[in-house]
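Heads up: the structure comes next, in structure tokens.
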Amino acid sequence: MQSLASIWRYTPPWWLPGGHAQTIWSARKARHWSGQSDKLRHYLGRASESAEGGVIAGWREPPVPSELRGAFPQWRRERWETPDRDFIDVDFLTSQSASVEAIKKAPVIVLFHGLEGSRHSHYVHALAHVCAERGWRLILPHFRGCSGELNLAPRAYHSGDHEEVDWILRRAATVHPGVPMVAAGVSLGGNALLRWAGEIGEEAGRVVRSVAAICPPLDLVASGQAIGKGLNRLFYTRLFLASMKPKARAKWVQYPGLFNLDAAMDAKTLLEFDNAFTAPVHGFKHVLDYWSQASAKPYLKAVTIPALIINPKNDPFIPPSSLPIQAEVADTVTLWQPTAGGHVGFTESGLTSGPPGHIGGLPNALLDWLGQHLSLSITPTRLTPTDAQPPTSTRYG
């Protein structure tokens, strides 16, 4: 099997130095793929900025200009009832040209988004375009509260929710029986996915062929403290809290007294917010208990399926000293820790050497690496009748 470094060698553009620049530019300005028109990039960027965090009231997708219809991947939404009688919204990339038989045989990738992410995140646009080009099926489950509608249960989502990941993947496998399936996670979603793979060990091989995590904060204590300092606190923390606080307030209206609302609303860092909201709502004693139990790093020795972990050493969210070394992970785990890339960035030069560049290189390399493992044998997974709820469906685009 080839390593990711042998498949794709990332070199940041000369005009985009440093982890912060590579993080922010990739999310806000870079094209999602080489050759994407400026008008389409602007439209998708506007939708992304409007939808950050899966806003819970008053948001509608901006209308698609007539000249852009059919110019980017389209989605179909299903609502899955969870075992605890809540729901998650799951988006399926639709094929515009492939035959029914080709679609049935196409490999499936399940993507878990990052903190306050959604179908409108920049990395989702990039991966969806590559999947559409290659004929892969892409499934994007939204963590609870991130699809544009507040969930029903007295809970939200968190970085180590391996039980939720397990249920989603097993459900996805039953939707596409006999088809090779892989999974990937971005940032928070990557940590949760690896936490799942380490938690259930050999059982993971009954569900997926391989997994990949892009910029996962594997040591949440180290990453949580880092994002609360300096420029991280001034920019990224404020951005996250801007959507997390309104959803927490709405959850308190659903369930008065569920947590300390004043403490959550007064939070200036993710540490303070997680201590006031995320930890108590999900049964943890306090924020350090939550971060310690949710971190995937201690479980990487127990991963039995092929796993790729991508962590640039200039990621503003993740201290390099917190990254695992090969001796701390299983032999099935491949670590790729390039010197540059930022946090879920990886902007490359486009057709010209200057801005804006594009982020299409990483998703192409990701599918190349995951695709190497599609032929691995797998035992079909099953859900209990209680778990298998009929979905409702909505088409987007």
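Would you point out which residue out of Ala279, Ala294 is touching a helix residue (DSSP H, G or I) at 6+ places or on another chain (Cβ under 7 Å) and touching a residue at least 12 places away in the same chain (Cβ under 8 Å)?
Within the list Ala279, Ala294, the selection yields Ala294.
Please verify whether Val281 is of a type in the set (Val, Ile, Thr) and within 26 Å of Ile318 (Cα to Cα), treating the condition exactly as stated.
yes
Please verify whether the range 253-265 includes one or more residues that are over 21 Å from His343 (Cβ atoms) and touching a Leu at 6+ places or on another chain (Cβ under 6 Å).
Checking the range 253-265: not a single residue is over 21 Å from His343 (Cβ atoms) and touching a Leu at 6+ places or on another chain (Cβ under 6 Å).
Check Leu239, Leu288 and return the single one that is of a type outside the set (D, E, K, R) and either more than 21 Å from Leu218 (Cβ to Cβ) or free of Cβ contacts under 8 Å to residues at least 24 places away in the same chain (or both).
Leu239
Can you tell me which residues in the range 278-320 are part of a helix (DSSP H, G or I), over 30 Å from Pro246 (Cα atoms), aliphatic (A, V, I, L, M) and touching a Leu at 6+ places or on another chain (Cβ under 9 Å)?
Once the filter is applied, which keeps residues that are part of a helix (DSSP H, G or I), over 30 Å from Pro246 (Cα atoms), aliphatic (A, V, I, L, M) and touching a Leu at 6+ places or on another chain (Cβ under 9 Å), the range 278-320 yields only Leu300.
I'd like the residue in the range 213-232 that is open to solvent by 20 Å² or more (accessible area, probe 1.4 Å) and part of a loop (DSSP other than H, G, I, E, B) and, out of all such residues, is nearest to Pro338 (Cα to Cα).
Of everything passing the filter in the range 213-232, Asp219 is nearest to Pro338 (Cα to Cα).
Only one of these is over 23 Å from Ser375 (Cβ atoms) and either in a helix (DSSP H, G or I) or free of Cβ contacts under 8 Å to residues at least 12 places away in the same chain (or both): Glu202, Glu149, Glu133, Glu163. Name it.
Exactly one of Glu202, Glu149, Glu133, Glu163 is over 23 Å from Ser375 (Cβ atoms) and either in a helix (DSSP H, G or I) or free of Cβ contacts under 8 Å to residues at least 12 places away in the same chain (or both), namely Glu163.
Starting from residues that are part of a loop (DSSP other than H, G, I, E, B) and of a type in the set (Gly, Ala, Ser), keep the ones in the range 100-130 and report whichever is modelled with the lowest pLDDT.
Per the stated criteria, the residue is Ala106.
Among what's in the range 357-369 and is open to solvent by less than 30 Å² (accessible area, probe 1.4 Å) and out of contact with any Ser or Thr (no Cβ under 7 Å at 6 or more places or on another chain), pick the residue that is farthest from Phe235 (Cα to Cα).
Here the answer is Trp369.
Could you tell me how many of the residues in the range 136-146 are under 15 Å from Trp75 (Cβ atoms) and not in a strand (DSSP E or B)?
3
Is there a residue being farther than 23 Å from Phe317 by Cβ and in contact (Cβ under 8 Å) with a residue 60 or more places away in the chain anywhere in the range 214-222?
no
Could you identify the single residue in Gly354, Gly341, Gly350 that is buried (at least 21 other Cβ atoms within 10 Å of the Cβ), in contact (Cβ under 8 Å) with a residue 24 or more places away in the chain and outside any strand (DSSP E or B)?
On inspection, the qualifying residue turns out to be Gly341.
Give the range 1-18 a look and list any residue that's open to solvent by 70 Å² or more (accessible area, probe 1.4 Å) and under 13 Å from Gly361 (Cα atoms), or say none.
Arg9, Thr11
Table: residues versus (1) touching a helix residue (DSSP H, G or I) at 6+ places or on another chain (Cβ under 9 Å); (2) among the charged types (D, E, K, R); (3) within 22 Å of Leu241 (Cβ to Cβ).
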| site | (1), (2), (3) |
| --- | --- |
| Ala128 | yes, no, no |
| Leu138 | yes, no, no |
| Pro141 | yes, no, no |
| Gly148 | no, no, yes |
| Leu152 | yes, no, no |
| Asp161 | yes, yes, yes |
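The values are calculated or read from the model by the stated rules, or taken from the named source; none is laboratory data. Keep in mind it's a predicted model, so treat the numbers as computed, not measured. Here the Cβ is made from the backbone with ideal geometry for all residues, glycine too, and neighbour counts use every protein chain on show. Surface areas here come from the heavy atoms of the whole protein model, side chains and all, with no ligands, DNA or RNA. Shrake-Rupley method; radii C 1.70, N 1.55, O 1.52, S 1.80 Å.
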